[in-house]
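Everything below concerns the one structure shown next.
Throughout, read-outs are computed from the coordinates displayed, never taken from laboratory work. This structure is a prediction, so every number in the text was calculated from the model and none was measured. Heads up, the Cβs are rebuilt from the backbone with ideal geometry, glycines too, and the neighbour counts pull from every protein chain shown.
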Amino acid sequence: MRSKSRVLPIAFCLLALATQAQIARIPAPPETPKRPVTDEYHGVRVTDDYRWLENWDDPAVKEWSAAQNARTRAYLDQLPSRSAIKAGLRGLTSGGSASFYNLQYRAGVFFAMKDQPPQQQPMLVTLGSADPASTKIIFDPNAASAEGSLAVDYFVPSLDGKYVAAALSKNGSEDGEGHVFEVATGKELPDMVPRVNFATAGGSIAWKADNSGFYYTRYPQGNERPPEDANFYQQVYFHKLGTDSAQDTYVIGKDFPRIAEIQLHTSDD
């Protein structure tokens, strides 16, 4: 009978040999040359050797990043436990129940965003009651974009609950465009208002009391501002339903500071 003391060292040796063989198949790390840039902050000189990697438009940076990804992929793909971990993560992200958030109450109806795994993006819905079975989809960005690249930045129902305005953005840009949906049918109206939201100061919409249109935060368009100011200088405009956004009316904001953040609200009365 062989003793366990001899079996264990042999197993560890085999594992070490297998690990060495796996490492040998992994490409070497790409060279990362130092290109020092020195700045002075309050009299202290600080040198950054790798700031050049921040310039994604540089072909050398793209080549370096691709080599890093290839090396990482070569390592991860051959891990024995990768398939089991992948299956476990897929189960965690796709098996959960739906969740609702950003609830708003209008004219006897709850408006909300519904997150339903494994879908990429939350949906804009209504609920007739606290029962999830009463959910009705108003706008599903997953159906509108197969790549899951369309998202609802925020939404605002009209005071009578007949319409809902939503800022939609693509590819995580948060550069939101205002769209209007008819709640009863989910039909999208032809109204489209550009640049109602961005990451710098967010965005806001408030319906007029008679629901004939809405006030909204508007970022500069076209050549109204230099490129460096395109995502600042919010102003307030009014959009009348059924009209071209080019005809929208300026309300206030031309004298506001560059970094002003505007929030709009219509009282219930």
Would you calculate the separation in nanometres between label points at A199 and D115, each defined as 7 Å from the Cα along the Cα-to-beta-carbon direction?
-> 1.9
G213 long-range amide H proximity, modeled H, under 5 Å = K208, L241
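Just how large is the dipole of the chain about the Cα centre, in debye to the nearest 20, putting +1 at every Lys and Arg Cβ and -1 at every Asp and Glu Cβ? Kindly include the intermediate steps, with their values, before the conclusion.
Working: 27 positive and 32 negative charges, 378 e Å.
Roughly 1820 debye for the chain.
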Three-way shape label, segment 21-79, alpha-carbon gyration tensor, a/c 1.5 = prolate
So what's the gap between the Cα centers of segment 75-140 and segment 194-219, to the nearest angstrom?
-> 27
Given the Cα-Cα distance of H42 and A144 and 0.36 nm per residue of separation, how much length would full extension add, in nm?
-> 31.6 nm
Cα gyration tensor shape for the chain, rounded if a/c is under 1.5, else prolate or oblate | oblate
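Find, among the trypsin sites (Lys or Arg not before Pro) in segment 139-223, those assigned to loop by DSSP (not H, G, I, E, B) with at most 12 other beta-carbon atoms within 10 angstrom.
Working: sites: K162, K170, K187, R195, K208, R218; in loops: K162, K187, K208.
Passing both the DSSP loop test and the Cβ count: K187.
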Over 20 Å between Cα atoms, which of K62/K170; K187/K240; K170/K240; K86/K114; K114/K136 qualify?
-> K62/K170; K170/K240; K86/K114
Phi to ³J(HN,Hα) by Karplus 6.51 cos²θ - 1.76 cosθ + 1.60 over segment 37-49, Hz, x for Gly, Pro = 10, 10, 10, 10, 10, 6, x, 9, 8, 10, 10, 10, 7
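Pairs of Cα atoms under 8 Å, at least six residues apart: use those to get the relative contact order of the chain, whole percent.
Values: 459 pairs, mean separation 22.1, N = 269.
Rounded, it is 8 percent for the chain.
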Within a Cβ distance under 13 Å of R51, other residues only, what is the Lys/Arg minus Asp/Glu net charge?
-> -3
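Near T93, within a Cβ-to-Cβ distance under 12 Å, what is the net charge of the other residues, with Lys and Arg +1 and Asp and Glu -1? Before the final figure, lay out the partial values.
Values: positive: K86, R90; negative: D115.
That sum, taken over residues with Cβ under 12 Å, equals +1.
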Evaluate E = 1/(1 + (r/R0)^6) for S81 and M192, where r is the Cβ-Cβ distance and R0 equals 41 Å; express this FRET efficiency to the nearest 0.05.
-> 0.25
Work out from phi, with θ = phi - 60° and the Karplus expression 6.51 cos²θ - 1.76 cosθ + 1.60, the ³J(HN,Hα) of each residue of segment 71-88, listed in order in whole Hz, and give x for Gly and Pro.
-> 5, 4, 4, 4, 6, 5, 5, 9, 6, x, 8, 4, 4, 5, 5, 4, 5, x
Kindly write out, for segment 237-245 in residue order, the coupling ³J(HN,Hα) from the Karplus curve 6.51 cos²θ - 1.76 cosθ + 1.60 (θ = phi - 60°), rounded to whole Hz, with x marking Gly and Pro.
-> 10, 10, 10, 8, 4, x, 10, 6, 5
Any idea how far apart N69 and F238 come out in nm if each label point goes 7 Å out from Cα toward Cβ?
-> 4.9
So if R0 is 51 Å, what FRET efficiency would N55 and D269 give, r being the distance between their Cβ atoms, rounded to the nearest 0.05?
-> 0.40
Kirkwood-based shape ratio for segment 94-252, expressed as Rg/Rh from alpha carbons = 0.98
Where the only charges are on Cβ atoms (+1 Lys, Arg; -1 Asp, Glu), what is the dipole of segment 75-158 about its Cα centre, to the nearest 20 debye?
-> 140
Among W52, G176, V164, pick out the residue whose Cα is farthest towards the positive end of the charge dipole of the chain, where Lys and Arg carry +1 and Asp and Glu carry -1 on C-beta, about the Cα centre.
-> W52
